[in-house]
Structures are given as structure tokens and as C-alpha cells.
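The values are calculated or read from the model by the stated rules, or taken from the named source; none is laboratory data. Here the structure is a predicted model, which means the values were calculated and not measured. Methodologically, a virtual Cβ is constructed for each residue, glycine included, from the backbone with ideal geometry; neighbour enumeration extends over all protein chains shown. Only protein heavy atoms, including side chains, enter the accessible area calculation; ligands, DNA and RNA are left aside. Shrake-Rupley method; radii C 1.70, N 1.55, O 1.52, S 1.80 Å.
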Amino acid sequence: MAEPTQRFNFDFMGKRRIAVVFSAALISISLLSLFTQKLNFGIDFTGGTLVEAGYGETVELDQVRHVLSATQFSDAVVQYFGSAQDILIRVAQVEGKNSADISNEIIDVLKQSGQSVEIRRVEFVGPQVGEDLQEDGGLAMIYALIMIFIYIAFRFQRLFSVGAIAALVHDVTITIGFFSVLQLDFDLTVLAALLAVIGYSLNDTIVVFDRIRENFRRIRKGSPVDIVNASLNQTLSRTLMTSLTTLLVLTALFLFGGEIIRPFSAALIVGVIIGTYSSIYVASPVTLALGISKQDLMPVEKEE
């Protein structure tokens, strides 16, 4: 079998202690923010009303926000929806009023600007539904991590599964912490992005682990640190190409995709960057710290 090509020769594992300090700092900041500021949940989780309104001509968002700022809907989130003539207005739940009352009041306020406007859609999310979404979303993420642990334990080795789960927990914690520190809206699209981040990070980690397993069986001389370094260098070009092309698409979505998709693309951008970092400086160092060796990966000989 031909030796895999190695275009780079970086000493990744020589910097793993620095990476541990860096990751610990990011996780500490994320957890501190989550305990103090918590997350800025959108109406998907907290409950509220979403109103889609259509104008007969182009409308400026600042104008709509200015009109609503003088009313009880001063905290409303206003954004374009598809075109500059269609807008989405998200308002928190108002005690004693249903979605029909809220939508009618919003339209009455908007008509004061003199432009023709009509309601296209009204959606209401109750607080109980929001609590259920929080619980179900959290359980979905926990179930995903459990299934990933089982898969990698069977596919590779138990020590590899611990390293992969450590990297995934690292990525999710920092991505959620990013939204907590900046107090960005955390809604269902961001939760979907987190699950996508788990899949992306896992895919990159499995590629690295597969090469590490091959090199443990192929390279006769060399310490586990040397073998892991060689494996990371051999997969580096693939990792960089995948990450960069993905980031190009996500950056375009973030800049030109509109307000609706901006939180989703922001979560993925942070997740891809952190996921690429963790596949090198979290998953592999954790596996080394657990004492992975050639004996753990050699095929078991069956007795005659």
C-alpha cells in the first residue's frame, strides 16, 4: 500500500498545551455568560406574535421601527422578508391580548405613515410551546451526542469516541456562548445550525481519526505523538479546502441572505471555525491524553 502524501510538517501536538489553555478560556467565558446573561431567546422559545405585512411600495425598516418605537411594540424586531416591500415584525407576548388583537394594532400603527399596508400572515407561539421547544431541542442534541458516541466506539475505538464527544461538546458550548456573549437572537434556526455544526465537526474529526488509525497500523517506528502529527499534516489540505469553501458560502449568506437567515449563517460560521480547530487541537489531544497506543488499534488475531 502506498504511503499517503504529506505536504506539511507542522508540530500540532507540540502546541497542544497552549490549545488547552485557549479552549479552557473560551469555554469559561461561554459558561460564565450563559450563567449570568443567559441566552436571548427568540419568540420561538419565549412566546410571541409574528406578523408578515406587505406594502404597495418599497419601505425602509428604520421608518417602520421609528413608527413602532412610540407604541407598546417598541421592542419589536423588524426585518425584510423576501423583498423590500414585505416585512416581518416579531413582538413579544402582550398580556391580555391575542394574536388577532396584536396584529390589528400593529397594522393600525403602520397605516399612520400614509402607506398602504396589508397583513399577509400572523403566527402566534404560546409560552408553553416555547418551553416545549427548549426541552425538545436540548434532548435532540443530547440524543445526537449519545448516538455519535456509540457509533465511533464501534467504528474506531472507545478512546476515539471520548475524544470526538469532547470536541463536539467543546464546539457546541463555544458556539452557544458566542450567542450569549453578544446577546444575539437564539431561535429554532440557530438550534438547527448547532445540529449542523455537530455533523460538520464530526465529519472532520472522523477523517482525522481514520488516518490516525491507518498510520498506527502502518508506521512501525514513532511515538503516538509523532503518528498523530503525521496524520494531521496529511489531512490538513483536505481540512483547509473543506473549511474555506464552506466559509465562503456561509459568508455570502451572512452578508446577502437577509435578516431571516443571518443568525443561522452566523452560528454556522462560528461552528465551522471552531469545529476545524477542535478536530486538530481537541479531539486528537484528548485521545492522546487517554493513552491511545498501537496495541489498541491492532486487529485482534483469532485463534485457530
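Quick grid of which residues meet (1) open to solvent by less than 40 Å² (accessible area, probe 1.4 Å); (2) over 27 Å from ASP136 (Cα atoms):
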{"site": "TYR200", "(1), (2)": "no, no"}
{"site": "ILE219", "(1), (2)": "no, yes"}
{"site": "ILE227", "(1), (2)": "yes, yes"}
{"site": "LEU247", "(1), (2)": "yes, yes"}
{"site": "LEU250", "(1), (2)": "yes, no"}
{"site": "ALA267", "(1), (2)": "yes, no"}
{"site": "VAL272", "(1), (2)": "yes, no"}
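Screening LEU194, LEU247 for residues that are modelled with pLDDT of 90 or more and touching a helix residue (DSSP H, G or I) at 6+ places or on another chain (Cβ under 8 Å) leaves exactly one candidate, LEU247.
For the range 182-207, residues that are β-branched (Val, Ile, Thr) and touching a Leu at 6+ places or on another chain (Cβ under 9 Å) total 4. In the range 102-123, the residues that are more than 15 Å from ARG65 (Cβ to Cβ) reach residues that are acidic (Asp, Glu) and assigned to a strand (DSSP E or B) with C-beta atoms within less than 6 angstrom, at least six apart or across chains, in these pairs: ARG120/GLU52; ARG121/GLU52. Quick check on my filter: what residues within the range 202-217 are buried (at least 20 other Cβ atoms within 10 Å of the Cβ) and under 30 Å from GLY138 (Cβ atoms)? Listed by number, the residues that qualify are LEU202, ASP204, THR205, VAL208, PHE209. Listed by first and then second residue, the pairs with beta-carbon distance under 8 Å, at least 6 apart or on different chains, first residue in the range 68-82 and assigned by TED's automatic domain parsing to the domain that holds LEU110, second at pLDDT 75 or above and open to solvent by 70 Å² or more (accessible area, probe 1.4 Å), are ALA76/ARG65; VAL78/ARG65. Exactly one residue out of SER231, SER265 is modelled with pLDDT of 85 or more, in contact with a Leu (Cβ under 7 Å, 6 or more places away or on another chain) and not in a loop (DSSP other than H, G, I, E, B): that is SER265.
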